[in-house]
Amino acid sequence: MFFERSGSLYIGRFRELFRNRRLIHGFSTRPGGVSGVPFDTLNLGQNTSDDPGCVKENRNRFFQAVEISETQAVIPGQVHGVRIVRVTDPGIFPDTDGVITDAPGLALTVQTADCVPVFLVDPSRPAIGLVHAGWKGSALGIAAEGVRAMQEAFGSRPETLDIFLGPSIGPCCYEVGPDVAGRFEPGYVSGNRLDLWRYNVDMMIQSGARPERISTARLCTKCQPQWFFSHRARGGDAGRMLAVLAIQNKNGNE
């Protein structure tokens, strides 16, 4: 992953996705917004206690930077489950943690502050998916469910999917108690630290994805507070980043 400057913002990009001109994608970072402490500065979370006017301005800046209209945003409710929905129109989708589409112009989004955003791309169709994987969703198998949903909806072959895991809390910092650790096989927990990256990658490989087609940003949100919001680092009401993935609309992404 690299970071591209757009005005006062820095947008995270995966090189392989960036080279695919049929797609738009990005991951927000912390600098470049208008929110005050503790949401300084580019808080994009609409469910935080931040000033709604600041969040609105921040979101305007982000969507302008990624060159797609927020009116086309697809917003899952994110309840730490495994429900994945195929979408054909923008809007809010309650009780959903993943969205997939083959419709051009729709901006799939998930918001995070430690959880893993998983980008799924079928380059042959094209078709795309974006999944929110916290520890609960990961333990329930949402990453594998994303692969299965792409296969069922679009006939995607798991072995040809390109998959990307965005910035999220890493095994260096993700301390969990025995109740959480017990939901995972021992190999994914070292001491009291959980490796969500490797767990989700392995679940997708078991579903037929090829390891050489899976890229992990390996950027820990807790380790780098100057760049990312982290619920664990903040210990309370943290700001939120936004991941976005869209298929280019030939008539413009308005």
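The values are calculated or read from the model by the stated rules, or taken from the named source; none is laboratory data. Please read these numbers as outputs of a predicted model, since none were measured by experiment. Here the Cβ is made from the backbone with ideal geometry for all residues, glycine too, and neighbour counts use every protein chain on show.
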**Asked** So which residues in segment 147-163 are crowded, with 23+ Cβ neighbours inside 10 Å and under 25 Å from residue 228 (Cα atoms)?
**Response** 163
**Prompt:** Can you name every residue in segment 215-240 that is closer than 19 Å to residue 194 by Cβ and part of a strand (DSSP E or B)?
**Reply:** 216, 220
**Asked** Considering only residues of segment 23-35 that are surrounded by fewer than 22 Cβ atoms within 10 Å (Cβ to Cβ) and over 19 Å from the mean Cα position of the chain (by Cα), which is nearest to residue 222 (Cα to Cα)?
**Response** 32
**Request:** Can you tell me which residue among 232, 218 is within 16 Å of the chain's Cα centre (by Cα) and basic (Lys, Arg)?
**Result:** 218
**Item:** Among (1) closer than 30 Å to residue 225 by Cβ; (2) modelled with pLDDT under 95 - the single one residue 92 does not satisfy
**Value:** (2)
**Message:** Any residue in segment 97-109 that is part of a loop (DSSP other than H, G, I, E, B) sitting within a Cβ distance under 8 Å of a residue that is surrounded by fewer than 24 Cβ atoms within 10 Å (Cβ to Cβ) and hydroxyl-bearing (Ser, Thr, Tyr)? List the pairs, counting only those 6 or more apart or interchain.
**Reply:** 103/88; 106/88
**Request:** Given the conditions (1) surrounded by fewer than 16 Cβ atoms within 10 Å (Cβ to Cβ); (2) at pLDDT 95 or above; (3) more than 30 Å from residue 63 (Cβ to Cβ); (4) out of contact with any strand residue (DSSP E or B) (no Cβ under 6 Å at 6 or more places or on another chain), report the number of the one that residue 224 does not fulfil.
**Result:** (3)
**Asked** How many residues are under 11 Å from residue 196 (Cα atoms) and among the hydrophobic types (A, V, I, L, M, F, W, C) if we restrict to segment 144-171?
**Response** 2
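For (1) in a helix (DSSP H, G or I); (2) crowded, with 19+ Cβ neighbours inside 10 Å, each residue gets a yes or a no:
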site	(1), (2)
10	no, yes
16	yes, no
37	no, no
56	yes, no
**Asked** What tally of residues in segment 143-187 results from selecting those that are more than 17 Å from residue 209 (Cα to Cα), assigned to a helix (DSSP H, G or I) and in contact (Cβ under 8 Å) with a residue 24 or more places away in the chain?
**Response** 1
